[in-house]
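Enquirer: First the structure, then my questions, so here it is.
The values are calculated or read from the model by the stated rules, or taken from the named source; none is laboratory data. These numbers come from a predicted model, not from an experiment. No Cβ is skipped: glycine too gets one built from the backbone with ideal geometry, and neighbour counts run over all protein chains shown.
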Amino acid sequence: MSTVSDISAAVRAKYEPVIGLEVHVQLLTATKIFCSCSTRFGDPPNTNVCPVCLGLPGALPVLNRKAVEFAGLAALALGCRINTTSIFARKNYFYPDLPKGYQISQYDKPLAEHGLIAINAEGRRKNIGITRLHLEEDAGKSLHEGFAESKEKTAIDLNRSGVPLIEIVSEPDISSPEEAYEYLTRLKEIILYTGVSDCNMEEGSLRCDANISVRPRGQKHFGTKTEVKNVNSFRFIRQALEYEIERHIAVIESGGKITQETRLYNSNEGKTYGMRSKEHAHDYRYFPEPDLLPLVVDEKWQAELRATLPELPEVRRPRLVAEYGITEQDAVVLTATRSLAEQFEAAAKAAKNPKRVANLVQTELMGRLKAKGLEIGQSPVSMKGIALSADLIESGTISGKMLKDLYDLCFERGKDFPVVYDDEGRPEQSRDTSALEKIVDDIIAANPKQVEQYRSGKKTVIGYFVGQVMKASQGKASPQIVNELLAKKLS
């Protein structure tokens, strides 16, 4: 029988993957979707609960309007059509962390449908359809850790029970793990721009299940699919899909059949394992939730939601290129988050040269942040500070070397650029031609071998002289004046 590891490229090429993703996003409401309990993460187990989210007899749900507004914003940002009327349904199944024995969700009449996300993957642009976006409540959480002395025991924390979620279901338009990764990256980016979720995967604010099948290339109907659940990073989702594609092909090539099932991914081993046979929708015995009226989001309410929708990355990027003269790659980097984009625009409007601001963000700021494991919001250098530093470079007041040294001090001291610049006595690069000329003469006199090389045609040696002059001037010499003096005297 073929194994995953010995599938050749030629055999892989015979098949095409078909991938669909189901993403659950926790909404940033202060209270739960059907009661007033707090959604705060990290509180002691079973402290944010009440009769409604505990599923006690006689308790009735009351819909949280803010959850609907957040879901509507996300739907509009993803290009979905919001249905004027949607219906909540009971999704019936038993699980220890589901106290009611059913989950309130939406089934055949969801909040929104027919959206799309444009991705760039593997050198081409592609639209991935979104089938539906619907509201539902989260279940509780089973805690298996911390019971080493009694491994057969599991604890239940119901703080998460009733926390509002949106589920975003893609069309089976994704045809590679790389496309899946890009789709999830763009989806998270859009959701973060709307501000309806923090998308924190470590806290469970964003969770993804992947449906995967393979079929002979060119075949119309789908193969048997498996679902990979509970993967806690986009990188692991990509790895799990890569493994599952090869596993499917190995089974089919050896004459076997794929079993429709739910599987778990072990990131330490890089493998998936069967968890349970896959349920079908009808197993849940959906029926309309009798304790909730139909949800009506009329045209007036939808218009109010559209008015609060922020400018999204796909719209913002070409505008930044047009308005500030930056490159498309600059625009991609500078719009990675809404906060970064807004800060860049504020700095670009204040600075003399927006392109220099863009360059400094990428060359001087982002590299230092990455090295220290910091996010843009944790940067000691504000965009106001970057605008000031850009202007100082633009006017020739400080050199590139001086700027780097000042940025290093900002990160060492945890202070903004204007503060450090003042603390250091507002240094300026030297434009005193007579003083620089003396340094240049001394450097030329001390390096006759390099002078001979330059005059013999090796013009690149001038870089050596520039470096020596900058070192002798402690980085304060104007590189432009130094280059002019060296070229004159060496010739």
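Enquirer: Just to confirm my filter: which strands (runs of 3 or more DSSP E) fall fully inside region 57-166 and include at least 1 residues that are touching a residue at least 24 places away in the same chain (Cβ under 8 Å) and farther than 21 Å from Pro290 by Cα? Talk me through it step by step, then tell me what you get.
Expert: Numbers: elements: 88-92, 102-106, 112-121, 124-137, 141-143, 155-157.
By residue number, 112-121, 124-137, 141-143, 155-157.
Enquirer: Residue under question is Gln26, and the condition is that it be modelled with pLDDT of 95 or more, under 23 Å from the mean Cα position of the chain (by Cα), buried (at least 16 other Cβ atoms within 10 Å of the Cβ) and under 30 Å from Lys300 (Cα atoms); does it hold?
Expert: Values: modelled with pLDDT of 95 or more: yes; under 23 Å from the mean Cα position of the chain (by Cα): yes; buried (at least 16 other Cβ atoms within 10 Å of the Cβ): yes; under 30 Å from Lys300 (Cα atoms): yes.
So Gln26 fits the description; yes.
Enquirer: Would you check which residues across region 380-430 are closer than 21 Å to Glu345 by Cα, part of a loop (DSSP other than H, G, I, E, B) and of a type in the set (A, V, I, L, M) and list them?
Expert: Kept after step one, since they are closer than 21 Å to Glu345 by Cα, are these residues of region 380-430: 380-395, 407, 416-418.
Imposing the further condition that a residue be part of a loop (DSSP other than H, G, I, E, B) reduces the set to 380-382, 395, 416.
Selection gives Val381 alone.
Enquirer: Just checking, does region 349-360 include any residue being in a loop (DSSP other than H, G, I, E, B), among the small types (Gly, Ala, Ser) and surrounded by 18 or more Cβ atoms within 10 Å (Cβ to Cβ)? Lay out the reasoning, then the answer.
Expert: Taking region 349-360 as the starting set, the residues that turn out to be in a loop (DSSP other than H, G, I, E, B) are 351-353.
Applying the additional criterion that residues be among the small types (Gly, Ala, Ser) yields 351.
Applying the additional criterion that residues be surrounded by 18 or more Cβ atoms within 10 Å (Cβ to Cβ) yields 351.
Yes, there is a match, as at least one residue in region 349-360 is in a loop (DSSP other than H, G, I, E, B), among the small types (Gly, Ala, Ser) and surrounded by 18 or more Cβ atoms within 10 Å (Cβ to Cβ).
Enquirer: In the list Glu122, Glu137, which residue meets the criterion of being surrounded by 18 or more Cβ atoms within 10 Å (Cβ to Cβ), assigned by TED's automatic domain parsing to the domain that holds Pro61 and within 25 Å of the chain's Cα centre (by Cα)?
Expert: Testing whether each residue is surrounded by 18 or more Cβ atoms within 10 Å (Cβ to Cβ), assigned by TED's automatic domain parsing to the domain that holds Pro61 and within 25 Å of the chain's Cα centre (by Cα) leaves just Glu137.
Enquirer: Let me ask something else. Please work out if Ala67 is small (Gly, Ala, Ser), modelled with pLDDT under 95 and under 30 Å from Pro310 (Cα atoms).
Expert: no
Enquirer: Here is a follow-up. Which residue out of Leu158, Leu187 is closer than 30 Å to His248 by Cβ, modelled with pLDDT of 95 or more and surrounded by 20 or more Cβ atoms within 10 Å (Cβ to Cβ)? It would help to see each step written out before you state the result.
Expert: Numbers: Leu158 fails: closer than 30 Å to His248 by Cβ.
After applying the criteria, what remains is Leu187.
Enquirer: Name the residue, out of Thr226, Thr262, that is surrounded by 20 or more Cβ atoms within 10 Å (Cβ to Cβ) and either without any contact (Cβ under 8 Å) to a residue 60 or more places away in the chain or within 30 Å of Pro313 (Cβ to Cβ) (or both). It would help to see each step written out before you state the result.
Expert: Numbers: Thr262 fails: surrounded by 20 or more Cβ atoms within 10 Å (Cβ to Cβ).
On inspection, the qualifying residue turns out to be Thr226.
Enquirer: State whether one or more residues within region 323-330 are surrounded by 13 or more Cβ atoms within 10 Å (Cβ to Cβ), among the small types (Gly, Ala, Ser) and either modelled with pLDDT of 95 or more or farther than 27 Å from Leu187 by Cβ (or both).
Expert: Yes: region 323-330 contains one or more residues that are surrounded by 13 or more Cβ atoms within 10 Å (Cβ to Cβ), among the small types (Gly, Ala, Ser) and either modelled with pLDDT of 95 or more or farther than 27 Å from Leu187 by Cβ (or both).
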